[in-house]
Each structure stands twice: as C-alpha cells, then as structure tokens.
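Novice: Below is the structure I would like to discuss, written out as structure tokens.
The values are calculated or read from the model by the stated rules, or taken from the named source; none is laboratory data. The structure presented is a predicted model; accordingly, all values stated were derived computationally and were not measured. Because the Cβ atoms are built from the backbone with ideal geometry, glycine has one as well, and the counts that use them run over all protein chains shown.
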Amino acid sequence: MPISGLPPYDDNNIFARILRGEIPSNKLFENEWALAFHDINPQAPVHVLIIPKGKYCSFADFSAQASEAEIVGFTRAVVVVARDLGLEAPGYRILANQGEHGGQEVPHFHVHLFGGRPLGRMVPRE
Ligand code: AMP
C-alpha cells in the first residue's frame, strides 16, 4: 500500500515500462536494486536518472515502504554511478523531485544525477 495522501503506484508509468523493457533506455548501470540511464532531455552535460527496481511512487513512498536492503542497495548504486562517470572528484548534484511543487513528472521514484560543469544555484530565482 502507498503511504496515505499519495495515489497508488501506476504500473504504466514510463519508468515502469523501461524497467519491463517495453521502452528502450540509454542504460548505464543495472544491479539487483537499481537501474541508471541517461535522461532523455538533459539539463547538464551529465544528467542521469537512477531508479529503484521496486514499485515506489516517490521518495516518501520509497523511504516508508522499501526494505532496508533496498534503501541501502539503491543509495549505494547512486554513488557507484557517479563514481563510474568520473564525477566524484569534480563533484555532482543529486536531486529528487516530489509532488507538484517539487516538479515530479514521472510517478516512479528517481534520483537525478547532474554533473560535468559547475551547477550554479541550487534552486533558481523566480
Ligand atoms: P521528474 O520531473 O523529476 O519526474 O523527472 C522526470 C525526468 O524523466 C525528466 O527529466 C524527463 O526528461 C525524464 N524522462 C522522461 N521520459 C524519459 C525516457 N523515456 N527516458 C529517459 N528520461 C526520460
């Protein structure tokens, strides 16, 4: 069950379809816990999405429902992907959008990994 206040997981969201192999992705990394692929509309020289294999709508859902093994496995996968991309020394940014104000478009929890240049302000001025 999703946590209260959130819609149920949508099995037809685009990342669910990527996980099932119904839609191609430009894959970088995959293990038991996570899949990483290039964002289709990159906002930085490196823009990768890392998603858990499990069905979680959002960060809140993942933190509440995932097992400790899933949380550890996923978190470590994010760091491995960043390291494999050579981002450890220059640095990078990870970001997870949640809900309407967060700008979340795809209702399968994902972390954006940005790098390849200085990334500027954390949140743009409106
Ligand atoms: P968010 O707004 O945090 O939900 O981010 C969703 C991200 O998914 C956006 O950056 C999109 O460019 C990206 N995206 C949507 N469809 C695809 C796809 N088929 N392959 C790769 N990235 C995608």
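Novice: Any residue at all in the range 91-114 that's surrounded by fewer than 14 Cβ atoms within 10 Å (Cβ to Cβ) and more than 16 Å from the ligand (Cβ to nearest atom)?
Specialist: yes
Novice: Considering each of 69, 44, 64, 77 in turn, give the residue that is small (Gly, Ala, Ser), within 14 Å of the ligand (Cβ to nearest atom) and either out of contact with any strand residue (DSSP E or B) (no Cβ under 8 Å at 6 or more places or on another chain) or modelled with pLDDT of 95 or more (or both).
Specialist: 44
Novice: Right, here's the next one. Only residues that are modelled with pLDDT under 95 and among the β-branched types (Val, Ile, Thr): list them for the range 1-41, please.
Specialist: 3
Novice: May I pose another question? Restricting to the range 9-36, name every residue that is closer than 20 Å to residue 87 by Cα, within 13 Å of the ligand (Cβ to nearest atom) and crowded, with 19+ Cβ neighbours inside 10 Å.
Specialist: Residues satisfying the conditions are 35, 36.
Novice: While we're looking at this one, here's another question. Checking the condition touching an Asp or Glu at 6+ places or on another chain (Cβ under 8 Å) and part of a loop (DSSP other than H, G, I, E, B), which residue from 107, 8 passes?
Specialist: Step by step, each of 107, 8 is checked, and only 107 is touching an Asp or Glu at 6+ places or on another chain (Cβ under 8 Å) and part of a loop (DSSP other than H, G, I, E, B).
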